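First up is the structure itself, then whatever we jot down about it.
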Amino acid sequence: MSTHAEELKLRLMTIELLRTAKYKRNITYRELSAKTGLPVTVLSRYAKGHVLPNTARAKQLWKVLSKFVGLENEIRSRIKFNEDGYFDNTEIIGDFNILQQAANHALANFAGKRVTKVFTAAVDGIPLATMVANALGVNLVIAKKTKEVGVKEFLEETFALKDSGVTITLYVPKDAIKKRDSVLIVDDMIKTGETQAALVDLVHKAKAEVSGVFSLIAVGDEWRKKLKLPEGCPVEVVAYIKQP
């Protein structure tokens, strides 16, 4: 997708978020003005579709509005830990509305940045990564735990699951990520960081660059140390939660 197309899509979806705040959440223009720092008259023209915000203002509005309208609160309401400290993410990764909002969130944060591929690991990250790739208008690459017969060469990365004594190897077709690619790593949840670190290493083995990391949920922040991202590489997480 061209930068112009990305920016237009961002501006339009910001208006939809503003309308959600005004008409579905019944937040007054006065309240919205206090939260966003924009005059009531300007917000009214945006919400009524009389004018579109420019890209810089759309990004500003999105960051403010998304904090109290929609995705993060919706995700948090569905996270329920069991007695062992695990939670079932089925209601999150299987909900099309959440995935659509998440794709919009990714677009808002990565529009204008160079992204040529979206990269994830099978299995739970696939629905989210598919939606994000579609929003950004780029292809999706999936690292799998098995080799496909029809593929001649693979890049592979082996890592150990924390405290399990089990190793996992991820495989990706050698030509799926090329040297000139700028790759956005997407996953539904980051807990220990091993899987995401393996994806980063696979991108490096392809001699490509990591353009960023996007996840719906992250448990704590110890995982950041394992990713070995270049300085300034953006990491966007919708909901941070503490380890129970």
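Annotations for the structure displayed:
- Any hit, the stretch 84-93, residues being touching a strand residue (DSSP E or B) at 6+ places or on another chain (Cβ under 8 Å) and either of a type in the set (Lys, Arg) or free of Cβ contacts under 8 Å to residues at least 60 places away in the same chain (or both): yes
- Selection count, the stretch 34-71, where residues are surrounded by 11 or more Cβ atoms within 10 Å (Cβ to Cβ), not basic (Lys, Arg) and not in a loop (DSSP other than H, G, I, E, B): 18
- For the stretch 103-121, residues that are part of a loop (DSSP other than H, G, I, E, B) and either crowded, with 22+ Cβ neighbours inside 10 Å or modelled with pLDDT under 90 (or both) total 4.
- Lone qualifier among LYS152, LYS162, LYS228, LYS191 - being modelled with pLDDT under 95 and under 28 Å from LYS67 (Cβ atoms): LYS191
- LYS67 vs. criteria at pLDDT below 90 and under 17 Å from ALA218 (Cβ atoms): yes
- Of all residues making up the stretch 135-148, the number that are in contact (Cβ under 8 Å) with a residue 24 or more places away in the chain and either of a type in the set (Ser, Thr, Tyr) or surrounded by fewer than 17 Cβ atoms within 10 Å (Cβ to Cβ) (or both): 6
- Those residues of the stretch 178-194 which are in contact with a helix residue (DSSP H, G or I) (Cβ under 6 Å, 6 or more places away or on another chain) and either surrounded by fewer than 17 Cβ atoms within 10 Å (Cβ to Cβ) or in a loop (DSSP other than H, G, I, E, B) (or both), in sequence order: GLY193
- If the condition is being without any contact (Cβ under 8 Å) to a residue 60 or more places away in the chain, over 15 Å from TRP62 (Cα atoms) and in a helix (DSSP H, G or I), then the stretch 1-33 contributes HIS4, TYR23, LYS24, TYR29, ARG30, GLU31.
- Check on ALA197, aliphatic (A, V, I, L, M) and part of a helix (DSSP H, G or I): yes
The values are calculated or read from the model by the stated rules, or taken from the named source; none is laboratory data. As the structure is a computational prediction, the values presented were derived from the model and not from experiment. Ideal geometry is used to build each Cβ from the backbone, glycine not excepted, and the neighbour counts take in all protein chains shown.
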